[in-house]
Amino acid sequence: MAVFADVFALLSQLVDRMTRHDGIQMLRLIDATPVPLGVLCDCAKWNGRIHGLKMHVVYDPLADHPRLIEITPANVNDVTVGRRTPLEAGAVYVFDKGYCHYGWWLAIAAAGSVFVTRPKLNARFRILKRRPLRRTRGDGFRVLEDCEVRLVSKGDSKLPIALRRIKIRRDNGQIITLLTNDMDRSALDIAALYKARWQIELLFRWIKQNLDIRNFLGNNQNAVHLQIIAAMIAFLLLRLAARLHRITMPAIRFAELVAACLFVRKPLAHIDKPPPVNPSRRPPPDRRQMLFAYA
């Protein structure tokens, strides 16, 4: 188990080095997805909706790869794992209202980072200052309000940092309230950062549809964890192959072609090309390669 986790961490670092560019912000999307399991699996826990596990992911959408993963029982709260995430100075952390923990938000601010999230419905704020809106129209939404606020609580909940509350209206009419400690970016940019959170949902959908973590080979906890981590390692290997060979086709199509050509000797750069017709010359066999001898 530890070996698989080390391999995942190493591959994640390799993908990160191949896609890192100076001047690009560090954007980190944090979320969790349920992994349903049968009731006969000894590691399946009931959380009110499913029997199974949760896969918690810190995802870098700019490099298009998960940086950290953690697998827990389904009844573990999202923010419990989120608080264990190593914080990077200067990063932008985007997460939904399931990660509401004022102490963790203070830790993010103390680390020199910013967060963009949605407050809970029962959270109360006092408006300190209304900020002018220079641009309001974004991709699929319109900014309605941008205010500097302070948390108002009758209990012990305190949040002694500068906060902004931004309200946006989606094109479908839904109004969303955002909360951030970023006092520099425009309201339009902050709303666009939260919209980027949808990319981690697409990551979860892609992994479940293409890397087969719905049907498990074993019922014990170790077997299930190994299969999930192996699927994430396969995801990183596909990303590395695409970067090395400058493959620009959609990730889903690339994964399908790789699966179809597992036992075919073919350059990855030409994986989407048809095989040659009556090739005049064939490459000499590699002496290190074992050959099949048919009687």
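Does at least one position in segment 265-275 carry a residue that is exposed (fewer than 15 other Cβ atoms within 10 Å of the Cβ), more than 20 Å from the chain's Cα centre (by Cα), in a helix (DSSP H, G or I) and of a type outside the set (Ser, Thr, Tyr)? Yes: one or more hits. Being surrounded by fewer than 20 Cβ atoms within 10 Å (Cβ to Cβ), in contact with a Gly (Cβ under 7 Å, 6 or more places away or on another chain), more than 27 Å from Arg67 (Cα to Cα) and acidic (Asp, Glu) is a condition met by at least one residue of segment 150-171.
Of all positions in segment 193-211, none carries a residue that is among the small types (Gly, Ala, Ser), crowded, with 20+ Cβ neighbours inside 10 Å and either modelled with pLDDT of 90 or more or more than 28 Å from Ile252 (Cα to Cα) (or both). Among the helices (runs of 4 or more DSSP H) confined to segment 1-119, the ones with at least 1 residues that are in contact with a helix residue (DSSP H, G or I) (Cβ under 6 Å, 6 or more places away or on another chain) and either farther than 21 Å from Gln209 by Cα or modelled with pLDDT of 80 or more (or both) are located at 2-19, 78-82. For the condition surrounded by fewer than 10 Cβ atoms within 10 Å (Cβ to Cβ), at pLDDT 80 or above, within 30 Å of the chain's Cα centre (by Cα) and closer than 29 Å to Asp6 by Cβ, what is the one hit in Arg239, Arg246? After ruling out the rest, the residue left standing is Arg246.
The values are calculated or read from the model by the stated rules, or taken from the named source; none is laboratory data. The structure presented is a predicted model; accordingly, all values stated were derived computationally and were not measured. Heads up, the Cβs are rebuilt from the backbone with ideal geometry, glycines too, and the neighbour counts pull from every protein chain shown.
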